[in-house]
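Below: one structure, written as structure tokens.
The values are calculated or read from the model by the stated rules, or taken from the named source; none is laboratory data. Owing to the predicted nature of the structure, the values given are computational and were not obtained by experimental measurement. Cβ coordinates were reconstructed from backbone atoms using ideal geometry, including for glycine residues, and neighbour counts include every protein chain displayed.
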Amino acid sequence: MGMNVHPTSSPAGRLAAVGNQMIEIHLWLTAELARLRASLDTAAPEDAHPSRDLRAHCLAFCAALGRHHTAEDGGAFRLLADQVPELRPVLANLITDHEVVAGILGRIEDLLGGATPMPVARVRGELDGLAALLESHFRYEEKRLVTALNALTGQPGTVEDLLG
């Protein structure tokens with residue numbers, strides 16, 4: 001059927017309100033992380049079944065967050081660095097955050113990689129650190145970039161290219 005799940009992307013492939021879309025993605029990622037942490041809190045570490053589901057949920061979240069940051073680095077941030085050079089120091093800070101996040105995601109993936117049962121307490125510790133970092137990262141990114149991103153309206157491209 002080809003239902004369009006991104007109704008804001010116009011048929012012409014022109015960018016519209018990219019900054020608002022970034023906020024939407026951040027809200028979704030934040031809600032997913034909260035769901036993941038809540039499901040960890042109810043998990044019985046010695047029970048293999050929630051562990052398998054949790055492992056899958058964890059890995060899916062890590063992949064989604066990683067995709068978003070990789071796309072920002074190569075898409076939105078590159079475009080802004082070209083068009084709004086005064087934002088380059090802000091973008092450099094955000095890319096540094098992305099590297100820290102990637103390190104946390106790597107540690108989570110390592111924890112999920114082998115151990116059975118899942119080392120719930122250690123995964124929870126990493127997710128707590130990730131949640132604290134993302135909260136400040138997302139706020140800073142939104143405060144500094146939304147207006148500039150929304151000014152890109154009308155340029156060719158897709159939100160997926162810029163934000164993942």
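Residues considered: PHE61, PHE77. Of these, the only one that is surrounded by 13 or more Cβ atoms within 10 Å (Cβ to Cβ) and closer than 21 Å to LEU149 by Cβ is PHE77.
With respect to (1) within 21 Å of ALA31 (Cβ to Cβ); (2) modelled with pLDDT of 95 or more, the lone exception for ARG124 is condition (2).
A quick yes/no check of all residues on (1) farther than 29 Å from GLY157 by Cα; (2) out of contact with any Gly (no Cβ under 6 Å at 6 or more places or on another chain); (3) modelled with pLDDT of 85 or more; (4) of a type in the set (Val, Ile, Thr):
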position: ALA16; (1), (2), (3), (4): no, yes, no, no
position: LEU36; (1), (2), (3), (4): yes, yes, yes, no
position: ALA56; (1), (2), (3), (4): yes, yes, yes, no
position: THR70; (1), (2), (3), (4): no, yes, yes, yes
position: GLU86; (1), (2), (3), (4): no, yes, yes, no
position: VAL90; (1), (2), (3), (4): no, yes, yes, yes
position: ASP97; (1), (2), (3), (4): no, yes, yes, no
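Of everything listed in (1) loosely packed, with under 14 Cβ neighbours inside 10 Å; (2) more than 30 Å from ALA17 (Cα to Cα); (3) touching a residue at least 40 places away in the same chain (Cβ under 8 Å), the single unmet condition for GLU135 is (2). Residue selection: GLU142 fails the criterion of being more than 26 Å from THR158 (Cβ to Cβ), surrounded by fewer than 18 Cβ atoms within 10 Å (Cβ to Cβ) and of a type outside the set (Lys, Arg).
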